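Participant: Dumping the structure here so I can ask a few things about it.
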Amino acid sequence: MAINRYKLVSRHNPEITRFDPFSPLTVGNGEIAYSADVTGLQTFPEIYEEGIPLCTQSQWGWHTTPAAGEKESYKEHSLQMEMHKTLTRNVGYATEEQGQEVPFHWLRQNPHRLHLGRIGLDIIKEDGSPATPGDIIQPCQRLDMWKGILKSSFFVEGQKVNTIVCCHPKRDILAFQLESELIKNNRMSVKISLPYGSADKSAADWNKDNRHYTNIAQHQSGYAKLTHILDKDSYHIRIAASNGTDFLRTGRNSFSVKATCQTAKLEIVFSFSPHMQSDELPTFDETSRACEEHWEKYWMNGGMIEFQGSTDVRANELERRVVLSQYLMAVQCSGSLPPQETGLTFNSWYGKFHLEMHWWHGVHFPLWGRTELFEKSMWWYHSILPEAKKRALFQGYKGARWPKMVSQEGVDSPSQIGPLLIWQQPHPIYYAELLYRSHPTRSTLENYKDIVFETADFMASYAEYDCEQKRYVLGPSLIPAQENHAPQDTLNPTFELEYWFFGLNIANEWRKRLNLGLEPEWQKVAEGLAPLPVKDGVYLAHENCPDTFEKYNHDHPSMLGALGILPGKKVNSEIMLNTLEAVFQKWNMDEVWGWDFPMMAMTSARLGKPEMAVEALLYPAAKNEYLPNGHNKQADRKDLPVYLPGNGGLLTAIAMMAAGWEGCDDELPGFPKDGSWRVTWEGLHPAL
């Protein structure tokens with residue numbers, strides 16, 4: 001029976017009826033996003049600062065703070081590298097902070113993603129004083145996910161206010177419609193404030209007005225063109241309002257749009273761009289129509305799953321999380337760059353994105369029949385390939401070494417952990433294979449072969465041959481996905497060994513498809529890799545970690561990813577089942593991360609344990625909470641009330657639990673067969 005997609009999506013539309021610092025709602029298109037308070041605009045941002053800040057962010061909006069002193073900037077090579085001993089030699093990494101703190105932290109924090117501007121309501125009470133949050137009565141806000149439209153209403157001193165906000169699906173344009181007698185009485189207008197850049201969570205510094213300036217390039221009735229200049233960075237804003245409005249400067253970097261005639265309705269369109277533009281702006285009606293058409297097409301195409309009719313009391317909550325996650329990933333993670341872990345909501349790690357997390361942000365798109373949304377960011381790997389090859393060569397390796405924490409330029413950020421991580425390295429091979437499964441053509445192979453082959457070249461040269469034990473090893477020095485291990489002690493982490501085996505074999509499969517023949521070095525390393533480390537019948541975090549389930553039973557239980565994230569060709573299923581059960585019994589679940597629960601679910605499904613898969617997805621842990629707006633909150637961490645890898649991981653796990661994986665013949669392999677779950681799905685695809 002076909003799913004009634006409209007009813008499914010609509011019954012989970014979030015509704016907010018109070019100021020909640022953890023429940024702002026967002027409109028966006030993957031390239032730009034705008035988060036609003038319960039008024040529908042960014043009217044009272046101070047309430048949200050300690051929760052989820054109200055920002056306007058884009059893929060292109062970045063700012064670089066000038067370096068201290070006479071320097072304009074620092075370069076990665078200006079740092080003194082710390083030498084880390086491997087099996088056979090020393091390799092330099094940007095992990096040394098002591099003695100070079102200034103350039104170290106400048107490089108981490110710059111460039112940082114920018115809050116493009118606060119757009120809020122300016123409401124004046126009858127006595128002439130500004131309205132406060134306490135004056136907002138009976139707020140009612142609803143995000144119509146089927147249309148991508150945010151509607152809000154409330155009262156101020158008995159006067160009703162209605163607001164509608166939406167985002168153009170193909171342009172960096174936000175459109176607002178306001179309706180109230182307060183507009184006619186000159187007691188409500190729209191205020192626009194532009195901040196200085198900041199590496200902080202809110203991506204804005206409102207206390208440095210003299211460090212930046214907004215120039216009015218053009219101004220006429222109902223229209224203005226602005227250029228915002230911050231140090232050596234700048235961007236442009238165009239504002240088009242309905243007839244009978246005026247645009248006023250209220251400060252060095254602040255402005256107001258208000259009605260000049262007796263009207264109770266105000267419509268405003270804001271266009272943001274890194275370059276000066278002169279094309280005609282759409283009206284509010286044109287923008288909202290385009291938005292509605294786009295979102296209906298999004299929901300009607302691709303995968304869908306429904307749990308209605310299930311008797312398990314957890315089914316409705318899981319369905320809510322799945323629907324809201326689909327909306328959030330389209331808004332936050334479907335753009336032209338790999339997303340930061342908080343998407344386009346606010347800054348985490350200065351707005352930079354973590355390449356090991358791109359898997360969690362994007363792999364679900366092909367599994368849900370929306371490959372094109374993931375492929376939008378794959379060009380970026382081509383763009384930084386020269387930088388990745390330069391990094392590998394500097395360290396004495398072949399091929400391309402992909403960075404960890406980066407901005408759009410692809411320059412790796414210094415860190416005591418990041419440069420030593422390696423589990424992001426095989427990711428592009430995994431992505432390319434997923435894209436090939438979606439489009440098995442010669443064109444796909446030609447498009448991504450350089451990325452696949454250069455990645456494999458690095459992987460083969462990174463593995464070192466242990467002459468004594470006649471095997472290829474990973475480490476030391478490296479930090480595994482479970483980051484609480486010392487690099488000098490880490491040898492042969494379970495997940496990374498399995499990923500190396502997977503990546504090198506897939507790369508050779510690509511050579512066969514292109515009639516190039518096997519690359520013998522890749523094959524030799526893959527076949528000669530050390531076995532996955534085992535002790536007492538369970539897989540270890542790595543070979544030198546005998547107390548995995550005692551001292552190191554927190555952070556990511558990454559050994560599970562060897563059969564979960566990956567097909568697990570080197571894995572013994574009995575040992576992995578013992579490992580999974582030990583994680584459930586002994587792991588500190590309050591100290592894992594949002595994507596760990598989907599990973600546990602994927603491992604459970606592959607092991608034929610659907611009850612454990614469902615339990616993992618809905619495990620009652622602090623970092624597995626999903627807020628009313630659908631975001632995966634990471635306990636009480638103030639820097640991560642939003643964690644999109646959890647949402648993306650959830651969608652990946654659900655696809656696997658319903659549609660299975662390559663070689664799986666079981667129907668609904670991740671859901672219990674006791675009749676408590678009624679699962680209807682369509683348009684999902686098997687995982688690798």
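Participant: Name the residue, out of Ala330, Ala388, Ala290, that is touching a Gly at 6+ places or on another chain (Cβ under 9 Å), among the aliphatic types (A, V, I, L, M) and over 23 Å from Ile52 (Cα atoms).
Facilitator: Going through Ala330, Ala388, Ala290 in turn, the sole match is Ala388.
Participant: Check Val411 against each of (1) touching a strand residue (DSSP E or B) at 6+ places or on another chain (Cβ under 6 Å); (2) of a type outside the set (Lys, Arg); (3) at pLDDT below 95 and name the one condition it does not meet.
Facilitator: (1)
Participant: Check off (1) touching an Asp or Glu at 6+ places or on another chain (Cβ under 8 Å); (2) of a type outside the set (D, E, K, R); (3) in contact (Cβ under 8 Å) with a residue 40 or more places away in the chain for Tyr431 and give me the number that stays unchecked.
Facilitator: (1)
Okay, residues lined up against (1) surrounded by fewer than 17 Cβ atoms within 10 Å (Cβ to Cβ); (2) assigned by TED's automatic domain parsing to the domain that holds Asn572; (3) not aliphatic (A, V, I, L, M):
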site: His485; (1), (2), (3): no, yes, yes
site: Leu491; (1), (2), (3): no, yes, no
site: Thr494; (1), (2), (3): no, yes, yes
site: Glu498; (1), (2), (3): no, yes, yes
site: Phe501; (1), (2), (3): no, yes, yes
site: Ile506; (1), (2), (3): no, yes, no
site: Asn515; (1), (2), (3): yes, yes, yes
site: Pro531; (1), (2), (3): yes, yes, yes
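Participant: Restricting the first residue to the range 454-482 and requiring it to be at positive phi, which pairs with a second residue that is part of a helix (DSSP H, G or I) and modelled with pLDDT of 95 or more meet a Cβ separation below 9 Å and a spacing of at least six or different chains?
Facilitator: Between residues of the range 454-482 that are at positive phi and residues that are part of a helix (DSSP H, G or I) and modelled with pLDDT of 95 or more, the close pairs are Lys470/Gly528; Gly475/Glu496.
To keep it simple, each residue is scored yes or no on (1) within 19 Å of Phe458 (Cα to Cα); (2) of a type in the set (S, T, N, Q).
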position	(1), (2)
Phe502	yes, no
Lys512	no, no
Asp547	no, no
Asp555	no, no
Ser558	no, yes
Leu563	no, no
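Participant: While we're here: With a cut-off of at least 2 residues that are of a type in the set (Ser, Thr, Tyr) and buried (at least 16 other Cβ atoms within 10 Å of the Cβ), name the helices (runs of 4 or more DSSP H) lying wholly within the range 583-688.
Facilitator: Filter on the range 583-688 gives 596-606.
Participant: Identify all residues within the range 376-387 that are surrounded by 21 or more Cβ atoms within 10 Å (Cβ to Cβ) and in contact with a Leu (Cβ under 8 Å, 6 or more places away or on another chain); write none if there are none.
Facilitator: Scanning the range 376-387 gives a single hit, Ser377.
Participant: Looking at the range 581-631, which of its residues are among the acidic types (Asp, Glu) and touching a residue at least 60 places away in the same chain (Cβ under 8 Å)?
Facilitator: Matches in the range 581-631: Glu611 only.
The rows are residues; the columns are (1) among the basic types (Lys, Arg); (2) closer than 22 Å to Glu375 by Cβ.
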residue	(1), (2)
Pro414	no, no
Gln425	no, yes
Leu434	no, yes
Leu445	no, yes
Lys449	yes, yes
Ala456	no, yes
Tyr462	no, no
Tyr465	no, no
Pro480	no, no
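The values are calculated or read from the model by the stated rules, or taken from the named source; none is laboratory data. All values reported here derive from a predicted model rather than from experimental measurement. All Cβ positions, even for glycine, are placed from backbone atoms using ideal geometry, and neighbour counts span all protein chains on display.
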